[in-house]
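Take a look at the structure set out below.
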Amino acid sequence: MIAIYPGSFDPITLGHLDIITRGTRLCDRVIVAVLRNPNKVPLFTVQQRMDQISHATRHLDNVEVDSFEGLTVTYAQMRGATALLRGLRAVSDFEMELQMAHTNKTLFDQIETIFLATSNEYSFLSSSVVKEVAKFGGPIDHLVPQHVALDIYKCYAKNHPA
Ligand code: PNS
């Protein structure tokens with residue numbers, strides 16, 4: 001089974017990495033797909049995010065990193081995927097995720113959404129939280145892979161030189 005793990009990944013966190021790692025044990029191939037979203041101003045370009053993910057997953061044989069625009073199900077169909085992988089952190093995620101899963105099913109009946117409960121230690125974690133902490137000079141090494149933490153610090157140092 002080929003699964004797509006779609007998202008913004010701005011940037012990838014240890015919570016995302018946890019879902020990817022566990023996904024690779026369930027699926028033959030996990031394609032981590034970064035959404036090209038013209039409506040958002042990201043911290044990192046799509047290419048930077050793809051590089052960060054590739055580096056973080058380089059030890060996993062059955063992971064591929066790609067980007068897409070438009071509907072996730074169209075991309076999934078094009079890649080021959082039959083599943084979408086998503087993490088569920090808390091009840092607050094549930095409503096939106098369920099809506100997305102149902103919508104995607106109406107668009108492409110052959111697709112199943114697989115929800116993995118986020119591991120306890122990452123249940124509070126999001127890319128936004130990481131950026132917020134880093135912006136105010138807090139530590140983020142326990143929240144993102146080390147190379148990503150360095151990229152974030154560099155980014156904020158460039159934007160707000162001391
Ligand atoms: O990491 P995110 O931002 O929570 O990921 C959201 C994402 C990219 C999975 C979602 O916004 C998405 O699938 N966007 C592509 C457009 C689409 O297919 N929309 C229909 C589902 S409602």
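The values are calculated or read from the model by the stated rules, or taken from the named source; none is laboratory data. Just so it is clear, the model here is predicted, and its values are computed rather than measured. What goes into the accessible areas is simple: the full protein's heavy atoms, side chains included, and nothing from ligands, DNA or RNA. Shrake-Rupley method; radii C 1.70, N 1.55, O 1.52, S 1.80 Å.
If the chain between Ser54 and Lys158 were fully stretched, how many nm would it gain, using 0.36 nm times the residue separation less the Cα-Cα distance?
35.1 nm
Rounded, prolate or oblate, given the Cα gyration tensor of the stretch 1-129, with a/c below 1.5 counting as rounded?
Here the stretch 1-129 falls in the rounded category.
For the Cα atoms of the chain, what angle does the longest principal axis make with the long axis of helix 91-107, in degrees from 0 to 90, nearest 10?
Taking the Cα atoms of the chain, the angle to 91-107 is about 40 degrees.
Length gain on complete extension for the stretch Arg25 to Ile2, per 0.36 nm per residue less the alpha carbon to alpha carbon distance?
7.1 nm
Once you've got the GNM for the chain with C-alpha springs shorter than 10 Å, pick whichever of Val63, Val91, Val73 has the biggest mean-square fluctuation.
Maximum among the listed residues: Val91.
Of all the accessible heavy-atom surface of the chain, with the other protein chains kept in place and a 1.4 Å probe, what percent is carbon and sulfur?
It is 55 percent, rounded to a whole number.
So how exposed is Met50, as accessible area in Å² (1.4 Å probe, rounded to 10)?
Rounded to the nearest 10, that gives 30 Å².
If the reach is capped at under 19 angstrom between alpha carbons, list the aspartates and glutamates near Lys135, excluding any in the same chain fewer than eight residues apart.
Lys135 reaches Asp10, Asp151.
Keeping every protein chain in place, order Phe115, Phe94, Phe136 by accessible area at 1.4 Å, biggest value first, i.e. largest first.
Listed by decreasing accessible area, they come as Phe136, Phe94, Phe115.
If I fit a long axis through the Cα atoms of helix 146-159 and take the longest principal axis of the Cα atoms of the chain, what angle between them do I get, 0 to 90°, rounded to 10?
60
What does the extension gain come out to for Glu112 and Gln99, with contour length at 0.36 nm per residue minus their alpha carbon separation?
That pair, Glu112 and Gln99, stretches by 3.4 nm at full extension.
Which lysines does Lys131 reach when only Cα atoms under 18 Å apart count, and residues fewer than 8 places away in its own chain are ignored?
Lys40, Lys154, Lys158
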